[in-house]
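Okay, structure first, notes after.
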Amino acid sequence: GKKESTGGGDVQESVKIGVLASLTGALESYGDQTKKGFELGMEYATDGTMEVAGKKLEVFFEDTETDPKVARQKALSLLEDKKVDFLVGSSSSGDTLAVTPLAEEYERIMVVEPAVADSITGSEYNDYIFRTGRNSSQDAVAGAAAIAKPGVKIATLAPDYSFGREGIAAFKKAAEELGAEIVHEEYADQTATDFTANIQKVIDKKPDYLYVVWAGANTPWNQINDMKVQEKGIKISTGVADIATLPTMIPLVGMEGFTVYYHTLPDNGVNDWLVDKHKEKFDGAVPDLFTPGGMSAAIAIVEALKLTEGDAHAEKLIEVMEGMSFETPKGTMTFRPDDHQALQTLYAVTLEESDDHDYPVPKLVRELSPDETAPPIMNK
Amino acid sequence: MKLSNVERSTWLYVAISLALFMVPLFVTGRSMQFLIIQIFIFAIFAMSYDLLLGFTGIISFGHVMFFGIGAYSTAIMLSRFETGLGALFMAIIIAIALSAFVSLIVGILTLRLRSHFYAMLTLALAGLFLVAAEKWTSLTGGNDGFTFRIPEILRDSQILYFVSLTLFILLFFGLRRLTKSPFGRVVMAIRENEERVQSLGLHVVHYKVIVSIVSGVVASFSGVLYMLSIRFVDTSVFATEFTIDVLLMTIIGGVGTLIGPIIGAGLVEFAHHWLSGLSDVHWLFERWIILYGTVYILVVIFFPKGIVGTIQSKLINRKQRAHLPRVNKSGRQGKKSA
Amino acid sequence: MNSLLKLENVESFIQQYHILHDITFDVPKGEVTVLLGRNGAGKTTTLRTIMGLNPLSKGSIKFNHEEVGNLRPYVIANKGIGYVPEDQGIFGDLTVGENMRVAIKKEDEETQKRLNWILDLFPDLKKFWNKLGGTLSGGQKQMLAIARAYVNENELLLIDEPSKGLAPIIVEKVMESIQQMKETTTIVLVEQNFLMASGIGDHFYIIDDGRTIHHGDMEELKSDKALMQKYLGIA
Amino acid sequence: MDLIISLAINGLATGMLIFLLAAGLTLIFGLMNVLNFAHGGLFIWGAFSGVWVYHASNSFILAILASIGTGLLLGLFTEKLIIRPVYGNLIQQILITLGFMLVLQELIKVVFGPNQKAVAAPKVLEGSFVIGDIVLIKYRLFIIILGLLVFFAFSYILKNTRIGLIVRAGVMDREMVEALGINIKVVFMLVFMVGAAIAALSGILHAPYSGVIYAEMGLEFAILAFIVVVIGGMGSFKGSLLAAILVGLTQAFMAYYVPALSLATNMLLMVAVLIFKPQGLFTVKG
Amino acid sequence: MPAILETKDLSIAFGGHRAVNRVSVQIQEKKFTSIIGPNGAGKTTFFNLISGQLTPTNGSIYLKGADIKKFSTADRTRLGIGRSFQITNVFPNLTVLENVRLAVQAQSKVRYQMFLHYLYYRKFEEKAYELLKKVFLEDKADSKTVNLAHGEKRKLEIAMLLALETEVLLLDEPTAGMSLEEVPGIIDVIRQIKEEENRTIVLIEHKMDMIMDLSDEVFVLFHGKLLATGTPKEIVANETVQSAYLGGMYNEQLT
Ligand SMILES: Nc1ncnc2c1ncn2[C@@H]1O[C@H](COP(=O)(O)OP(=O)(O)OP(=O)(O)O)[C@@H](O)[C@H]1O
Ligand SMILES: Nc1ncnc2c1ncn2[C@@H]1O[C@H](COP(=O)(O)OP(=O)(O)OP(=O)(O)O)[C@@H](O)[C@H]1O
Ligand SMILES: [Mg+2]
Ligand SMILES: [Mg+2]
């Protein structure tokens, strides 16, 4: 059976959305955030009606288990069995890349959130992909904007695989444009537990800053502290991730870095709504790193449908979504027409002790505007 | 060979194979077909593993490297060159050559030593392949991986189904014959008592190396098919988890039975799919992995030789009890006069 | 007669195979009882059943008038029964000394005395004290298996074909040692070497197809050619 | 020179930690011939239960005791229900212990929540000594001492008691050991419990070292421990210690001098050992 | 008559212990040679050296004049040296028939045949069955080998050796643990092979009556060294042999 089911929308009563996320396994807390954010986003954007332009919105969540094979199978099931009009997801770049070609094949819009790999909107780009999540390069540009100034000497530490290498490459470019000098690049085994040799090398180079890109639970923070890096006059800078990781960053109090989101940082109505609603619904818990992302994805979809008046045909949607701006908990986002990457605000922060928590929290230094953090266009 | 000489089980398998060709008539959904294709793929992978573990008694902890070799050869050839059948054909040739070469080397290095050396060396090599895939980003796309297109004709889900099924059936009958050939008998004897095979005048290492090559090549086919089905590659195709999965499939079904790993593959894929789908039903099932792990434990307790292995030995016991007096006297006579 | 071990209508299955059908015998204290019978008759299975290594399906096994059938092997062993298995049961990756250490229950002077006596009996064991059990010669393994059973003070010893693989001169020593031990220890012996069996046996039982089919005094058997021909196939 | 000493000490500490992790495995794998994939599960349960007590009581000593207790208890349970039916059958061991590993790992999330947990070293062990340019991290010195303690304690026990012999004999021929009057079931159970307790201990010790614990670390570290056991020669306590130290040192020095290959360190080490000295690098009897 | 098998200064040491020490012997073609000696004298080790299970530290082995020291166990079997084992060493989970069938197949040309069904080679099975009959084991043909009684395993060991059809047969205590009743039958089988098939047989045994009965020539090993050679009568009369090996009981028997 081919062809019969292409194009949705016209006679259908409802618009269906399939959300792929890691709901179990190592990334399950990310998936959980996306899921909660998306649900709240639907509620916010439709004023609780779950309808847009007279059409019901139906949402299906599927667990990718952080396995590209499962992701693809679930996506197929969403596309074929549930006949969804949109795909959203997912928590890992691998899962996402296994699905994006299906978006093209079935001519359905896929809103990527929160997978970060540049290639999703870069070398692997197709017209059906829009990303509300920020990408690695945006992180890097933000990281550079937070600390790079003429004359500043920076060393870097990152895990030794594409995520780390590309992140540093993008950072280096951005930082050098801002006049800083990269004096040393250090890469460590991504599963390493002993970072002393790497840190030692950084210390030897006597930089002003040590910029760290890290993902994974085996963090180098304790050892950076134990080796008295900060006492030696080297300031640490890194991206602040979700709340669960904040306690591990106790040794880094005082560091200057950036973050994608922390619930106290944005100053806008959407975020206020999100924080309140989230606390109300989830036992007083505040939204976390990827909750606003999930919400943004939902808002983007609803806004686009408003513009097409409920028409879920991909061609129509692409037309209105390219260049579309929409309000999110992180301020105004805009899908850049060239590569469909949402330009968005990121936040320069310092990590400070807090009276309310037994872990440090990020304090806003300044908002990094969407233009300031715009990554290079990489799909050409 | 006369038809009357064909074992009864062969007819059964032929019938099942034919039935499998009918499946797309009933299961038209592409996602279900995708799931079944995955079963064929992992059944092939698991059969290749059974040849090593079940028939020859060689444990490998890095069998995934052959899967990965098949996968990357396909992905790279199809993305670098025109996405025609020619490129696919080249990819298969490369996969075969590379996996044969690797298993030859590993075999020669370790198969004359005690059995766990093969396990450990393959584990190490699979690890090195993983590192290589991660580091050689210009070729492999590193950890992020890349997507690619496959030959037009294979994009149709039905056709891919038939292609996978055909390959799977061919390999099944091929491997079955191999295990029932004189060669296969020797291989099973090696599992039992290597030293004694040696003193029967047979070169154990030759047999083991050949098995290791056949198994590696067959495994690489599953990697090729896997790529055709998901059209995306990243370094996870070298992940130890795959080896563990295939190990479990083989054991659950029953080692040394060939049909067991196939059932194991089906069971693992379905149990996985079904249990993870249950999370909508009740919040308890969000922790479906607990149930999944429990399935393994229960299988060991209730099917200690694997599902097929346990059933087989029950059947054999019953048969023996029924025929015990006869086998010795008249049973043998019949054979000799034939 | 003071009976130490008494088997009555013992039946035993291994998996689904009915191996012992009806074993009945009586082992008088302080004497050597020999079990005879052709290959596969069930002699080894009988000893293993006494030791608790095979399930007892029916019948009773009494040791010192106490039922021991189906107790765990270590419980039976600790009641004072030693066992020399047919296949020697040497721990191949342990040295001779370690093999002995595993067996020794208490390290006292008495044991030391026994050990010295054993090492005089089998000087090879002394010589190869630090050698891995697995590298011993067939006969040396047999000696070690016997030594392990001798080293503890046991009331009853079950010995399965001790002479197998031993040089004639050693067989003789083993016979002597059994004679010496008779004072304190009762012995059940399975033995194919008729020279040995008849040399030290006091009674014999003949087992065939899992049944005890005949018994009597050893002296009787030695002189009764017809009996020997009938049950043992020797003229 | 200072640098080399720094690297060496840190490598040594990593090695010691790996040794503690491998020690339980060596004991169980080496003596009992059980390939216990659930080892990683025991490790994370030790870590999580210990950290829970640590955070509740603020006492690291209590935490250590708690995790040892957890280890013993889990060991008892695991041996009775999971391992006992599969002694001597490698294949069943793989399946059942992997299944149990999944259960243990997922249960962690049910009991302690799915998020990673941050753990700081106790105050006395925080920070480092600085002697000239040499930085000695206190917690690592602590681990080195504790690791040596465990090593010597166990070497002594294995050498001077019959336990080691009985277990090894029991693996070769259970029946015969029973026939010699030894209750092998109980012996196996005790040994397994002790092995599980060391695994749990290494879990709690690992927590402040890496600063964070998470459910998935079990399998990751179990594989590392397994590699060390093989490099050291199966079942040799001394071998495992030396191999673990070798791995720790190699990692430390490779990361500094040949960073390009540091990803592949363990694998290369294993390949080298297998090709040049397949019996294991430090096969020592006993 | 030429020597089919010859050793020159054959030695092996384990650690410091010389288990076989400069043994030079000639084994005559188509003769029956026996090796006796106390436990641990090095008899089995001597077999292991000849059949290739062990590599000598010193000395050489010639088969029909050719040095075979470099050959593997498998090669030596193919060249014509077959052996049985003192400790039964077969395929425990295969049936008895299957065990022998494998030995028959090993001898054939289809060792690497992967494409035809094994039952296609029916003559292997028939031959295997014949051999089982020869050693009186045919009624156990379908039993799993682990389930055999000790004596039955010894018979299987012999059947498998016969299946190899090698020119030289090395028998390591073939009748150890076999019942009184069955030993004569097995001795007959061995004698029959010697007489009808004209093969070279080397036997290790501790049963002196058997040695006396069958042997053309006897070697005595003692502490790894060749102590004496001669006809059975000469050997039994040798006083050193008597005191070192036979002991008093045997002498009583003789007189
Ligand atoms: N595990 C088993 N499974 C099935 N049958 C068995 C098993 N063990 C023994 N048997 C069978 O039980 C019978 C008795 O065996 P057992 O070993 O007791 O004989 P035996 O009298 O000691 O013989 P031998 O003198 O050869 O040692 C034999 O026919 C043997 O084949
Ligand atoms: N692999 C080995 N490693 C170390 N020592 C060995 C090895 N094999 C044999 N030996 C030793 O060599 C000596 C000779 O052993 P061998 O088995 O040849 O004796 P045998 O003459 O066959 O004795 P038996 O009549 O008891 O079988 C023994 O002392 C034995 O311990
Ligand atoms: Mg017996
Ligand atoms: Mg011998």
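The values are calculated or read from the model by the stated rules, or taken from the named source; none is laboratory data. Keep in mind that what you see is a predicted model, and the values were worked out from it rather than measured. Cβ atoms come from the backbone with ideal geometry, glycine included; neighbour counts cover every protein chain shown.
Worth a mention:
- For region B:200-258, a residue qualifies if it is of a type outside the set (Ser, Thr, Tyr), under 15 Å from the mean Cα position of the chain (by Cα) and within 14 Å of chain E (Cβ to nearest Cβ), and the qualifying residues are B:211, B:213, B:214, B:217, B:218, B:255, B:256.
- Qualifying residue in region C:167-175 (condition: more than 20 Å from residue E:245 (Cβ to Cβ), touching a Gly at 6+ places or on another chain (Cβ under 8 Å) and either of a type outside the set (Val, Ile, Thr) or within 15 Å of ligand 2 (Cβ to nearest atom) (or both)): no
- Scanning region E:69-87 for residues that are within 18 Å of the chain's Cα centre (by Cα) and not small (Gly, Ala, Ser) returns E:73, E:75, E:76, E:77, E:78, E:79, E:81, E:83, E:85, E:86, E:87.
- Residue in region A:46-67 that is part of a helix (DSSP H, G or I) and either crowded, with 23+ Cβ neighbours inside 10 Å or among the charged types (D, E, K, R) (or both) present: no
Yes/no per residue for (1) surrounded by 23 or more Cβ atoms within 10 Å (Cβ to Cβ); (2) among the aromatic types (Phe, Trp, Tyr); (3) within 16 Å of ligand 2 (Cβ to nearest atom):
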site	(1), (2), (3)
E:38	yes, no, yes
E:41	yes, no, yes
E:46	yes, yes, yes
E:65	no, no, no
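- Residue within region B:122-142 that is crowded, with 20+ Cβ neighbours inside 10 Å, closer than 21 Å to residue B:83 by Cβ and within 14 Å of chain A (Cβ to nearest Cβ) present: yes
- In this entry, residue B:306 passes the filter for residues that are at pLDDT 85 or above and of a type in the set (Gly, Ala, Ser).
- Residue match in region E:70-91 (condition: in contact with a strand residue (DSSP E or B) (Cβ under 6 Å, 6 or more places away or on another chain), part of a strand (DSSP E or B), among the β-branched types (Val, Ile, Thr) and more than 16 Å from ligand 2 (Cβ to nearest atom)): yes
- The set of residues from region B:35-74 being modelled with pLDDT of 95 or more, among the small types (Gly, Ala, Ser) and farther than 19 Å from residue B:105 by Cβ comprises B:43, B:46, B:71.
Results for (1) within 13 Å of chain D (Cβ to nearest Cβ); (2) in contact with a strand residue (DSSP E or B) (Cβ under 9 Å, 6 or more places away or on another chain); (3) of a type in the set (Asp, Glu), shown as yes or no for each residue.
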| site | (1), (2), (3) |
| --- | --- |
| A:149 | no, no, no |
| A:152 | no, yes, no |
| A:171 | no, yes, no |
| A:192 | yes, yes, no |
| A:195 | yes, yes, no |
| A:227 | yes, yes, no |
| A:235 | no, yes, no |
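- Within region A:106-123, tally of residues that are within 8 Å of another protein chain (Cβ to nearest Cβ) and either surrounded by fewer than 24 Cβ atoms within 10 Å (Cβ to Cβ) or among the basic types (Lys, Arg) (or both): 1
- Residue within region C:188-196 that is at pLDDT 90 or above and within 16 Å of ligand 4 (Cβ to nearest atom) present: no
- Within region C:46-158, helices (runs of 4 or more DSSP H) holding 3 or more residues that are within 16 Å of ligand 2 (Cβ to nearest atom): C:96-103, C:123-127, C:138-150
- Residue within region C:134-150 that is modelled with pLDDT of 90 or more, touching a His at 6+ places or on another chain (Cβ under 7 Å) and away from ligand 4 (no atom under 16 Å from the Cβ) present: no
- Positions within region E:126-164 being among the acidic types (Asp, Glu) and at the interface with another protein chain (Cβ under 7 Å from one of its Cβ atoms), in sequence order: E:126, E:139, E:142, E:152
- Residue check, residue D:203 in contact with a Gly (Cβ under 6 Å, 6 or more places away or on another chain), assigned to a helix (DSSP H, G or I), buried (at least 21 other Cβ atoms within 10 Å of the Cβ) and more than 8 Å from every other protein chain (Cβ to nearest Cβ): yes
Results for (1) surrounded by 22 or more Cβ atoms within 10 Å (Cβ to Cβ); (2) away from ligand 3 (no atom under 16 Å from the Cβ); (3) more than 11 Å from every other protein chain (Cβ to nearest Cβ), shown as yes or no for each residue.
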position	(1), (2), (3)
C:130	no, yes, no
C:150	yes, yes, yes
C:153	no, yes, yes
C:168	yes, yes, no
C:191	yes, no, no
C:214	no, yes, yes
C:224	no, yes, yes
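- Failed condition for residue C:87, given (1) buried (at least 22 other Cβ atoms within 10 Å of the Cβ); (2) within 16 Å of ligand 4 (Cβ to nearest atom): (1)
- Any chance residue C:87 is away from ligand 1 (no atom under 16 Å from the Cβ) and without any contact (Cβ under 8 Å) to a residue 60 or more places away in the chain: no
- Residue that is farthest from the other protein chains (Cβ to nearest Cβ), among those in region B:28-85 that are within 24 Å of residue B:258 (Cβ to Cβ) and of a type in the set (Ser, Thr, Tyr): B:48
- Region E:150-173, residues that are assigned to a loop (DSSP other than H, G, I, E, B), crowded, with 21+ Cβ neighbours inside 10 Å and more than 16 Å from ligand 4 (Cβ to nearest atom): E:164, E:166
- Identity of the residue in region C:97-114, more than 14 Å from residue D:161 (Cα to Cα) and among the basic types (Lys, Arg), that ends up farthest from the other protein chains (Cβ to nearest Cβ): C:113
- Residue ID - farthest from ligand 1 (Cβ to nearest atom), chosen from residues in region C:21-58 that are touching a residue at least 60 places away in the same chain (Cβ under 8 Å) and touching a helix residue (DSSP H, G or I) at 6+ places or on another chain (Cβ under 6 Å): C:32
- Here residue A:130 clears all of (1) over 23 Å from residue A:34 (Cβ atoms); (2) touching a His at 6+ places or on another chain (Cβ under 6 Å) except the condition numbered (1).
- Subset tally (residues that are touching a residue at least 40 places away in the same chain (Cβ under 8 Å) and under 22 Å from residue E:188 (Cβ atoms)) for region E:105-149: 7
- Residue C:81 meets all of the listed conditions (1) of a type in the set (A, V, I, L, M, F, W, C); (2) without any contact (Cβ under 8 Å) to a residue 40 or more places away in the chain; (3) touching an Asp or Glu at 6+ places or on another chain (Cβ under 8 Å) but one, namely (2).
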